1. Please compute the length gained on full extension between B:LEU269 and B:VAL489, using 0.36 nm multiplied by the number of residues separating them and subtracting their Cα-Cα distance.
2. I'd like the carbon and sulfur percentage of the solvent accessible area for the protein assembly as shown, probe radius 1.4 Å, heavy atoms only, ligands and nucleic acids excluded.
3. Which lysines, if any, have their Cα less than 24 Å from the Cα of A:LYS271, not counting same-chain residues under 8 positions apart?
4. Which distance in nm do the two modelled labels at B:ASN530 and B:THR223 give, with both placed 7 Å along the Cα-to-Cβ direction?
5. Report the charge-dipole magnitude of chain B in Debye, nearest 20, computed about the Cα centre from +1 at each Lys and Arg Cβ and -1 at each Asp and Glu Cβ.
6. For labels at B:ALA126 and B:ASP413 in the simple 7 Å Cα→Cβ model, what's the distance in nm?
7. Can you pull a Stokes-Einstein diffusion coefficient for the range B:211-366 at 4 °C (1.567 mPa s), Rh from Kirkwood over Cα pairs, as a whole number of µm²/s?
8. Please list, by residue number, every one of the GluC sites (Glu not before Pro) in the range B:384-462 that is coil in DSSP and has at most 16 other beta-carbon atoms within 10 Å.
Amino acid sequence: MAALSDQLLAVAILGYLLAMICHAAEYAFGNRSRVGRAALRPERELALVGAGAPADSAAGPDPVVKVPAGSTPGGTASTRVALLGRAAVALTVVAAVLHLAVLVTRGVAADRMPWGNMYEYVLAVTFVGTVAWLVLLHRRPTVRHLGLFVTLAMVLLLAVAGLVLYVPIVPLVPALNSYWFVVHVSAAALSSGLFLLGAVPAVMYLIRNGYDQGKRSFPYTLGARVPAAASLERMAFRLHAFAFPIWTFAVMAGAVWAEAAWGRYWGWDPKETWAFISWVVYAGYLHARATPSVKRPVATWIAVIGFLTMQMNLYGVNIFFEGLHSYGGLD
Amino acid sequence: MSTVDDRPTTGPEAVEAPGRRRTAAPLALLRNSWRQLTSMRTALVLLFLLAVAAIPGSLLPQRNVSLENVQGFQRDHPDWYPIVDRLGGFDVYASPWFSAIYVLLFTSLIGCIVPRLRDHVRALRAVPPAAPRRLDRLPRHAVLTDPDVDLAAVAAMLRKRRWRVAVQGDTVSAEKGYLKETGNLLFHISLIGVLVGVGLGSWYGWHGNRLLVAGPDNAFCNTLQQYSESKLGHRLDGDRLPPFCLELTDFEAGFLPTGQPESFRAKALLKEQGRAPRPVSFSVNDPLRLGGGTSVYLLGHGYAPIVRYTDRYGKSQTSDEAFLSIDGNLTSEGVAIFPDVNIDPKTGERAPDLQVGFEGLYLPTTPAQGPFVRSEYPAERSPGLMLIPYRGNLGLDAGIPNSVYSLDRRQVDNGRLKQVGEGKLLRPGEKWTLDDGTTVEFLGTRPYATISVRYDPGETIVLVSSALLLLGLMPALFARRRRVWFRVVPVPADTSTTDRSSLVEVGGLPRTDYSGFAEEFDRLVAAARNDRTATGSPRNDRTATEEETD
Ligand code: HEM
């Protein structure tokens, strides 16, 4: 079972990689495609498009076509390109199923929840990210171009997990043997996955915003074909607003657990400290977004910093710091 | 989201034009500073500072987390140590600068909440505001052309959907989503609750850590002197700790074949005042809850070898000091010291240079072949105790505190304590005769547990506040404040193509970022129509399709 899980991981990564390639191909050839045009359209039309269309409607009876604005009917070339995009989404779904299978087989092999060390935790977080992405895509098909960056993130994170963080299955150390393990870690993984996904539109918003302001150097050129800035910004906010209470709960559940396991609910252990930092930064983001005098790009930068602090907590603290949370399994 | 001003205060002082009335300069300065401090921008800056200020605490060793690491830093960086120490680098979370940031932040928070609370209570008691003159200027707008839409029915429909409704003449005003601000205020007030709870804990709480070796002789009672490390809240009297005594009777540890620990459990005998002693047990994740909020936590465990020394006069003494483990297989280091041996029974005089001490290395599972320096497994499969004997002056009388886990190196270096003979590995029950005919015997081991006894009166407040915080956060983030108005307007005579005499105009205003408002608005309009005419179809109505403004 454990070996199966490891092999499935390789296949899942391959799935994400293929999805990424399809997305990239669509991205590269798709400047005349419908999605490409839709991406450049202002948000108001996007909202119309997003309202009822299912995930793979780009080639079907497409509401985009109804928008007059002198659009030429999509030719066969652009349909083929759109097909690439749909293939990418299909591949992402397949990879997500495999990804789930990796977690399930791992959990069965270990006879516990599959998030007992850093390797498993990263697998769980990325899985949440993928599922949240697919849900988002289902509700707003026009964001499909972001798939390139989402799948890129998945490939990178899973590869790091498989190559650097991998540890064989062992049962939990006594300190982790508690039902709080399920509650706290699942909430943390869920919110981390959502923050991870939220970081994609946040970064793309900053890029798109720069592009709209006429910047044409490297990262900004990526902004040419992503959805409109305002809709990216709103999507980033929604994801963060959704993740923040879950993260708050995860931190609180951690404190309750710490009281039982270590005798104090808060002790400024490095992991706790960085969780606090992330919480404060994300609170700052929500705050900044509600403050009219703070410009949206500034607020979004705070979200990106929040994401960096989360990564610091996951990788930096597990690998470089000594603390009670040293269960990463890496020595 | 966008309706909040930079300064949420909407009281009279906010409207007052600056400098309209001449105020004494210091007073004006004070007032301006207060305004600055309670602005959301300042709160933002302070939040950011708080996050940044927390970082050094994770990079530098902290006294309250690990005193040893702070001492290690002192050893490794003697030049930097005093500077960093002066700056509070080893007590970041108690340092003046960290405190200053959160005190300012919470002052700002209170200054922010109070006026908002007042405004919100007012809004909750007031009726929804009257309709603007032109409803067609609002983000959502529709006109009902059905004959005689009944405003009372519209009001009832809105009430049923839990809108707050006021009927004023020919207009129905309705508002919904007050819960957003309620939640937001609850969230911010709970933050203060959390801080109060944390503060109470540090003022009135206490904790003590110690090592407890099994056996009745090693039982301890709850006084500060009995702890190797302890901390009392600033406002607490050390004599008032709850009285109880605890004796470790057994310790169960389970390990996997790889040596990874699987389960721990400490068994103990608890004696509380006025009650018969009773057996208790506690574990990691399952502390021993004593009455009154005090708990005993299991932090670690190890072995205490029992060593018996028989001196030149045939008198025996036993030591069962705890050995500290140095690796995962519980290879443990420690000492067995016998300061009061070799006392001539005739004179009763102590020979200060005939004290005896052993440096020891305990291996719960001794390797089959030497060198005997590392245990192979954490459980006692094949215990062995490596002892190195020393004789001379142990240096205990000098009054200089010394670790109880090692011999005083200074005494060894200046020659007053001499190693006598090579080390030897003893098995349980094995006896070893030293060069002077005295003997040392390894009798076995006792388990020990490291425990923490803790009392934190703020815990409950923090927990309850946190729960309320979360409760408030959800509506604060997800509820939407919005308003609708229904108004009956007479149809201008010249445009009236039917026999209708009046129309109903509807306007909607989302007060926060709310992309679903258009649909909700349309549903309301449809419901208003259906209430009147059961067959009403929305298709022949003009429904505005403007996107909401953000
Ligand atoms: C301990 C410090 C603080 C933290 C952690 C914090 C956190 C938050 C969070 C997470 C939100 C988002 C919830 C929401 O959107 O409703 C929020 C909203 C808000 N905060 Fe704070 N806050 C703090 C201090 C302050 C202070 C000092 C003020 C006043 C100057 C303030 C005023 C507001 C306002 C007006 C909103 C509502 C914005 C809106 O939703 O329209 N907060 N705060």
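The values are calculated or read from the model by the stated rules, or taken from the named source; none is laboratory data. Since the structure is predicted, the reported quantities are computational estimates derived from the model, not experimental observations. As a convention, Cβ positions derive from the backbone with ideal geometry for all residues, glycine included, and neighbour counts pool all protein chains shown. When the accessible area is computed, the model is the full protein with side chains, heavy atoms only, and any ligands, DNA or RNA have been set aside. Shrake-Rupley method; radii C 1.70, N 1.55, O 1.52, S 1.80 Å.
1. In short, 70.8 nm is gained.
2. Here it works out to 60 percent.
3. The qualifying lysines are B:LYS231.
4. Modelled inter-label distance: 7.9 nm.
5. 2320 debye
6. 7.8 nm
7. 70 µm²/s
8. In loop regions of the range B:384-462 (DSSP not H, G, I, E or B), the sparsely surrounded GluC sites (Glu not before Pro) are B:GLU422, B:GLU430.
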